[in-house]
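The values are calculated or read from the model by the stated rules, or taken from the named source; none is laboratory data. On a predicted model such as this, the values are computed, not experimentally measured, just so you know. Counting neighbours? That spans all protein chains shown, and the Cβs are built from the backbone with ideal geometry, glycine included. These accessible areas exclude ligands, DNA and RNA; they are computed on the full protein's heavy atoms, side chains included. Shrake-Rupley method; radii C 1.70, N 1.55, O 1.52, S 1.80 Å.
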Amino acid sequence: MPDLSLPDILAAVLGLSLNAYVLLGGADFGGGVWDMLASGPRRSRQREVIAHAIGPIWEANHVWLILAIVLTFGCFPPVFARLGTVLHIPLTLMLVGIVLRGSAFTFRTYDSQHDAAQRRWGRIFASASVITPVLLGISIGAVASGRVGGELQGGFTQRFVDPWFTPFSISVGLLTLSVFAFLAAVFLTLETRDRDLSEDFRRRALACGVFVFFASALVLLLSHRTAPLVRSGLMASSWALPLHLLTGVSAVTVLAALWFRRYRLARVAVGLQVSLIFWGWAMAQYPFLLPPNFTVSNSAAEASTLRLTLIALLVGAVILLPSLWYLFQIFKTVPADPGERTI
């Protein structure tokens, strides 16, 4: 196996940062979905569990998105420029959604506890939690289809709307939303000592796991004509069959663990399943960052910039990773009972 080049190493780090954001930030967004869909006699307690689970860590989880943006800007500037140009509409709306979601979550905690104020901030928080993952998935779908990295021709609509406003991209957006909701439901089973609340999230996780399967099938079906490069990689590569088998095993493990209430096993398995889905996309379009014209090698910055970036990453990891581990140890080791408020 040939040695990885410096651009390949930094592209892999970029992928790892996006993977971390999908798992951790995605679970936060999924919590907002279940906040919107809270129902039954325990809906207020469900929302309290969600708020307590998200409260201590939601800001820290955005570190991975910031890292991905900085790596793209510094190490692959042509890719950053093309993404910021062609996808400026969905990406801008996504960033607005992230800000609105965080602001609403904070204001809901510290504003008046009267029902009217709580409903207002709750609607904004939940709506942004639903819309933002869809926009993220739409952007990923546009990249996978090759419409972002191709030649730009025509007027405003052809250049800045048509690349992402397609059935395939929208289907990827729905898949992203369902995956985030699935992650959150599985994670939330361990965020409370109340068995009834754990059962509520367990049932939601089982239903959402089935929905993820059908959403994935829809994406694969629509990719036949819209994203042939990714479809070819997922169906014909030497690693495709092992990847699909491992993804299938992890998906079955999640559902079986939920069925038998082995929630810790379900949490590990769902993390593996979602990571495999993510890396399936990344590996299918490698060596392209933006197919069909922007590869890892021809989009990379100067070697001196890449070396300095890698050094900075190594030094930063020594500080960041232990700090995040300590944060999770403090706030996430023991679940709290409903009614405790943390921000």
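Things to note:
- Residue check for V249: among the β-branched types (V, I, T) and open to solvent by less than 40 Å² (accessible area, probe 1.4 Å): no
- Positions within region 284-314 being farther than 20 Å from L234 by Cβ and assigned to a helix (DSSP H, G or I), in sequence order: A303, S304, T305, L306, R307, L308, T309, L310, I311, A312, L313, L314
- Taking (1) more than 20 Å from Y21 (Cα to Cα); (2) open to solvent by less than 40 Å² (accessible area, probe 1.4 Å); (3) not in a loop (DSSP other than H, G, I, E, B) in turn, T192 satisfies each apart from (3).
- Selection count where residues are in contact with a Leu (Cβ under 8 Å, 6 or more places away or on another chain) and open to solvent by less than 40 Å² (accessible area, probe 1.4 Å), scope region 296-309: 5
- As a summary of the residue check, N293 satisfies the conditions (1) open to solvent by 60 Å² or more (accessible area, probe 1.4 Å); (2) without any contact (Cβ under 8 Å) to a residue 40 or more places away in the chain; (3) under 23 Å from G141 (Cβ atoms) except for the one numbered (2).
- Taken as a whole, region 169-185 holds at least one residue that is among the aromatic types (F, W, Y), open to solvent by less than 60 Å² (accessible area, probe 1.4 Å) and in a helix (DSSP H, G or I).
- Filtered by the rule that a residue be part of a loop (DSSP other than H, G, I, E, B), open to solvent by less than 40 Å² (accessible area, probe 1.4 Å) and small (G, A, S), region 82-133 gives no residues.
- Candidate set from region 1-23 (those that are part of a helix (DSSP H, G or I) and open to solvent by 50 Å² or more (accessible area, probe 1.4 Å)); member that is nearest to C75 (Cα to Cα): I9
- Members of region 54-90 that are among the aliphatic types (A, V, I, L, M) and over 27 Å from F187 (Cα atoms): V70, L71, V79, A81, L83, V86, L87, I89
- The set of residues in region 24-63 being in contact with a Gly (Cβ under 9 Å, 6 or more places away or on another chain) and either in a loop (DSSP other than H, G, I, E, B) or of a type in the set (D, E, K, R) (or both) consists of D35, R45, R47, E48, E59, H62.
- Restricting L218, L234, L206 to those that are open to solvent by 70 Å² or more (accessible area, probe 1.4 Å), closer than 18 Å to G248 by Cβ and aliphatic (A, V, I, L, M) reduces the list to L218.
- Residue, modelled with the highest pLDDT, within region 147-168, restricted to residues that are in a loop (DSSP other than H, G, I, E, B) and open to solvent by 100 Å² or more (accessible area, probe 1.4 Å): F165
- Close pairs (9 angstrom Cβ cut-off, 6 or more residues apart or separate chains): under 13 Å from L24 (Cβ atoms) in region 312-325, of a type outside the set (D, E) and not in a helix (DSSP H, G or I) anywhere: L324/I57
- Selected residue [under 19 Å from the mean Cα position of the chain (by Cα), modelled with pLDDT under 90 and aliphatic (A, V, I, L, M)] from V186, V230, V212, V219: V230
- Criterion (touching a Gly at 6+ places or on another chain (Cβ under 9 Å) and of a type outside the set (G, A, S)) met by exactly one of L229, L218, L245: L229
- Scoring S103 on the criteria (1) among the hydroxyl-bearing types (S, T, Y); (2) closer than 24 Å to G30 by Cβ; (3) touching a residue at least 60 places away in the same chain (Cβ under 8 Å) leaves a single failure, condition (3).
- For M283: the one exception among (1) over 20 Å from P77 (Cβ atoms); (2) over 22 Å from the mean Cα position of the chain (by Cα): (2)
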